[in-house]
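Just so it is clear, none of the values below were taken in a lab; they were calculated from the coordinates. As the structure is a computational prediction, the values presented were derived from the model and not from experiment. Methodologically, a virtual Cβ is constructed for each residue, glycine included, from the backbone with ideal geometry; neighbour enumeration extends over all protein chains shown.
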Amino acid sequence: MADKTFVEFIIDLTIDYYQTPKEERQRLKKERKNQVTSPYSHKWFGLLPSTIKQLKKSSEKNN
C-alpha cells in the first residue's frame, strides 16, 4: 500500500514538472541558485566546539 502511494506521489511530481512552462522552470532554477546560503561556520558549528576541546586537551598533554 505504501509503495502505491509513493509511486503516485512521484508521478504527480513528474506531471507537475512537465506541465510548467520551460521559462518558469528556468526562472525557478536561477532563483534557487542565487539564494544566499549560510556560511560553513554555521553549518559546522556543532563540530567546532568538540575540535577546540580536543585541541585544548592535546596541548595540555604536551605541556
query = Lys/Arg Cβ at +1, Asp/Glu Cβ at -1, dipole of the chain taken about the Cα centre: which of Gln26, Thr14, Phe45 is farthest positive-ward?
reply = Phe45
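Using helices alone, what [θ] at 222 nm do you get for the chain, with -39,500 (n - 2.57) per DSSP H run of 4 or more residues, divided over all residues and rounded to the nearest 500? Walk me through the numbers before you get to the answer.
Numbers: 4 runs with 51 residues, N = 63.
Calculated mean residue ellipticity at 222 nm is -25500 deg cm²/dmol.
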key: the chain: angle of helix 47-62 to the longest principal axis, Cα-based, in degrees nearest 10   = 20 degrees
message = Would you calculate the convex hull of the Cα atoms in the chain and tell me its volume per residue in Å³?
response = 141 Å³
HN-Hα J in Hz across the stretch 10-16 - Karplus 6.51, -1.76, 1.60, θ = phi - 60°, x for Gly and Pro = 5, 4, 4, 4, 5, 5, 4
remark   = Measuring from the longest principal axis of the C-alpha atoms of the chain, the long axis of helix 22-34 (C-alpha) lies at a number of degrees, nearest 10, equal to 10 degrees
task = Along Cα→Cβ, 7 Å out, is where each label goes; now give me the distance between the ones at Val36 and Glu23 in nm to one decimal.
result = 3.0 nm
